[in-house]
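**Student:** What follows is a single structure, and I will ask about it in a moment.
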Amino acid sequence: MRLFIVSRWRLLLGVLVLVQSAGAAAQPDAALADAAASLHAQVLRWQQMHAPGAVLYVAAPELQPELRLIEVFVDQVPAQRYRFSEIEAAALREGMRQRLPLDALSAGRHQLRIHAVAREPGSQNREAAIDTVLEQSLTLPAQDGVLELVLTQEGSFAATRLRLRSLEDADARSEARQRYAAFLDASGQSFAAEAERRLLQMQNSVPSATNAAAAPDHDGILLARYQRALSALAADESGAEAQLEQLNQEPLRSELALALRDQANLSLAYRDLRARRGEQAIARLQRIRSPGPCDNAALLALGWAYLLPRGAAGAAQDREATVSLRPVGEDAVAQARRLTPFRYRQAVAEGERGEDIRRALVPWEELIGRDTLDPAVQEGMLALPYALDHFGAHEQALQYYQRAIVQLQALRARLAAAQAQLDSGELLALLDARDGDRDGGWSRLLVDRREDQEAVPLRLMRRDAALAAAMQAHRDTAAISRALAQDAERLRASSEAQASTLLGEVDAMQTQLQARLREEDARFAPLAQRWLRSLDAQSQVYLAEAHFALARANDRLPGAPSYGAAP
């Protein structure tokens with residue numbers, strides 16, 4: 001199965017491009033973004049003064065399980081529901097705050113019911129580590145009430161507590177806004193974060209940007225360390241593996257930090273596979289998040305790692321090298337098939353090697369249920385029946401090869417449909433809808449989740465550096481345009497003179513932003529077309545391999561000729 005070995009390294013390089021492009025994404029025009037941030041902050045200031053609304057800040061300092069869901073009911077009526085991504089949960093754990101609007105909360109007395117759910121980091125278990133409810137009555141003295149919900153774990157048994165309080169002190173409110181700005185930065189919403197900071201400066205709540213000390217660029221520092229370690233690993237320098245291993249100890253401040261940790265583990269695991277260190281590779285692959293940008297590649301590699309001899313069977317590695325490729329005699333052929341089952345097309349593994357195949361089937365079964373646009377999934381569609389054939393499940397292998405052919409043919413039709421989506425603008429509209437989702441942070445991450453298969457084409461596009469930069473430029477400019485569109489909606493609802501003036505400025509800024517978006521989209525389209533063509537070509541290769549494998553599998557049918565133990 002030479003194709004598998006080659007494509008695994010193609011996958012690894014693709015994921016590396018994803019990580020590098022995440023750290024070097026294109027930015028919208030600096031002057032335009034700066035002017036838009038100032039204008040957005042002015043509108044936020046106007047809203048505070050003329051159309052205030054209640055808000056809830058959510059805090060979860062040092063909460064070990066990841067906060068996943070907050071639901072708020074005001075007087076038994078649903079008022080807010082937000083699903084946190086793991087990036088956002090990590091930001092909360094470091095002391096940042098998320099802010100949720102509570103438009104249903106007016107001045108006066110109310111009964112609040114807050115439902116919180118958290119899960120262990122990286123857990124695939126649907127059962128929640130924390131599932132708790134707080135019910136509390138409170139009186140808001142004004143329409144612009146500011147509440148703070150704090151989740152903590154206390155006591156010997158780390159019992160979870162929810163505390164709700166009203167923030168009346170100006171300094172407390174200012175601190176909450178600063179922590180919210182940091183939260184926006186950590187979750188990739190840099191424009192919104194900058195506008196919040198400028199609003200605070202207008203209120204003299206924080207020092208101006210010229211006098212404040214520059215915040216350290218944690219992502220830039222981490223990316224530089226990763227690239228140095230990867231270069232050292234490629235040069236086979238001593239200590240390179242230890243440098244990559246240290247990324248597992250870094251605090252997870254951003255999506256890039258998480259991606260770098262996953263990529264480091266994936267790089268080390270493939271190095272272990274090349275050195276036939278299966279058990280060490282397995283340990284590293286099991287650290288990689290799912291969902292995440294490296295999860296499919298990790299599942300694919302995990303299956304191959306299980307197929308490497310381990311434990312007592314590891315001693316067979318040396319014996320494999322001495323087994324003749326063309327044994328003479330029935331006894332010699334039988335011994336060769338037992339010791340090296342994967343060298344021979346019709347060999348069936350038994351004993352410990354059979355158990356190795358059984359273990360490899362588990363991650364591959366999971367993998368082939370994911371979106372076939374991912375090259376790792378395409379390879380898994382062929383690796384699984386290949387393993388089944390050597391397990392003795394020949395009829396099942398035949399069925400999986402047939403299934404792979406059907407799915408790959410359907411994939412080519414999907415790629416043609418994706419081209420039509422690109423031509424119509426629907427693809428970028430889908431990206432805009434995900435980035436504008438106010439109900440949770442998962443959509444923006446574009447990770448592969450079972451209930452979210454539409455993210456896969458967009459996620460895979462980030463593996464091409466030029467395409468990733470063009471897509472990020474669109475996302476950044478579109479985020480500014482969305483924020484100003486919301487501003488315009490608020491301003492149009494007011495008859496005040498200041499609102500009319502601000503609305504004129506917002507409309508003029510939107511004209512510039514739309515022109516900028518058209519330029520960026522014109523750069524994105526040809527790059528996406530090239531990527532779709534390359535993916536179609538790759539799919540044709542896997543489809544040809546599947547047809548060839550099916551033909552070989554059909555040799556086992558009754559009446560088919562026997563070709564002996566040919567490798």
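The values are calculated or read from the model by the stated rules, or taken from the named source; none is laboratory data. These numbers were taken from a predicted model, which means no experiment stands behind them. Virtual Cβ from ideal backbone geometry, glycine too; neighbours counted across all protein chains shown. Side chains included, ligands, DNA and RNA excluded: accessible areas come from the protein's heavy atoms. Shrake-Rupley method; radii C 1.70, N 1.55, O 1.52, S 1.80 Å.
**Student:** Among the residues of the stretch 485-498, what is the count of those that are crowded, with 21+ Cβ neighbours inside 10 Å and closer than 16 Å to A433 by Cα? Talk me through it step by step, then tell me what you get.
**Tutor:** The initial filter retains those residues of the stretch 485-498 that are crowded, with 21+ Cβ neighbours inside 10 Å, namely 487, 491.
Subsequent filtering for residues that are closer than 16 Å to A433 by Cα retains none.
Within the stretch 485-498, residues that are crowded, with 21+ Cβ neighbours inside 10 Å and closer than 16 Å to A433 by Cα number 0.
Yes or no, residue by residue, for (1) of a type in the set (S, T, Y); (2) assigned by TED's automatic domain parsing to the domain that holds G188; (3) at pLDDT 95 or above; (4) not in a helix (DSSP H, G or I):
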| site | (1), (2), (3), (4) |
| --- | --- |
| A470 | no, no, no, no |
| R490 | no, no, no, no |
| S495 | yes, no, no, yes |
| E505 | no, no, yes, no |
| L513 | no, no, yes, no |
| R533 | no, no, no, no |
| A546 | no, no, no, no |
| R556 | no, no, no, yes |
| A560 | no, no, no, yes |
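**Student:** Among residues belonging to the stretch 372-398 that are part of a helix (DSSP H, G or I) and free of Cβ contacts under 8 Å to residues at least 12 places away in the same chain, point out the one that is least open to solvent (accessible area, probe 1.4 Å).
**Tutor:** Of the residues in the stretch 372-398, the ones part of a helix (DSSP H, G or I) are 375-391, 394-398.
Among the residues that remain, those that are also free of Cβ contacts under 8 Å to residues at least 12 places away in the same chain are: 395-396.
Numbers: E395: 146, Q396: 92 Å².
For the stretch 372-398, the residue satisfying everything is Q396.
**Student:** For the stretch 415-435, state whether one or more residues are surrounded by 13 or more Cβ atoms within 10 Å (Cβ to Cβ), modelled with pLDDT under 90, among the basic types (K, R) and farther than 20 Å from I87 by Cα.
**Tutor:** No, that holds for no residue.
**Student:** Which of the following residues is without any contact (Cβ under 8 Å) to a residue 60 or more places away in the chain, charged (D, E, K, R) and open to solvent by less than 30 Å² (accessible area, probe 1.4 Å): E66, E88?
**Tutor:** Values: E88 fails: without any contact (Cβ under 8 Å) to a residue 60 or more places away in the chain.
Matching residue, one of E66, E88: E66.
**Student:** Output the number of the condition that M96 fails; it satisfies all remaining conditions of (1) surrounded by fewer than 23 Cβ atoms within 10 Å (Cβ to Cβ); (2) in contact (Cβ under 8 Å) with a residue 60 or more places away in the chain; (3) assigned to a loop (DSSP other than H, G, I, E, B); (4) not polar (S, T, N, Q).
**Tutor:** (1)
**Student:** Still on this structure: For residues that are within 30 Å of L100 (Cα to Cα), modelled with pLDDT of 70 or more and aliphatic (A, V, I, L, M), tally how many sit in the stretch 181-232.
**Tutor:** Residues in the stretch 181-232 being within 30 Å of L100 (Cα to Cα), modelled with pLDDT of 70 or more and aliphatic (A, V, I, L, M): 10 in total.
**Student:** Check the stretch 8-31 and report whether any residue there is at pLDDT 80 or above and either crowded, with 16+ Cβ neighbours inside 10 Å or not in a helix (DSSP H, G or I) (or both).
**Tutor:** Residues of the stretch 8-31 that are at pLDDT 80 or above, as a first pass: 30-31.
Checking which are either crowded, with 16+ Cβ neighbours inside 10 Å or not in a helix (DSSP H, G or I) (or both) leaves us with none.
Checked the stretch 8-31: no residue is at pLDDT 80 or above and either crowded, with 16+ Cβ neighbours inside 10 Å or not in a helix (DSSP H, G or I) (or both).
**Student:** How about the stretch 231-312: which helices (runs of 4 or more DSSP H) wholly inside it have at least 2 residues that are surrounded by 21 or more Cβ atoms within 10 Å (Cβ to Cβ)? Step through it out loud before you land on a result.
**Tutor:** On the way: elements: 240-245, 255-274, 278-285, 295-307.
Passing ranges, in order: 255-274, 278-285, 295-307.
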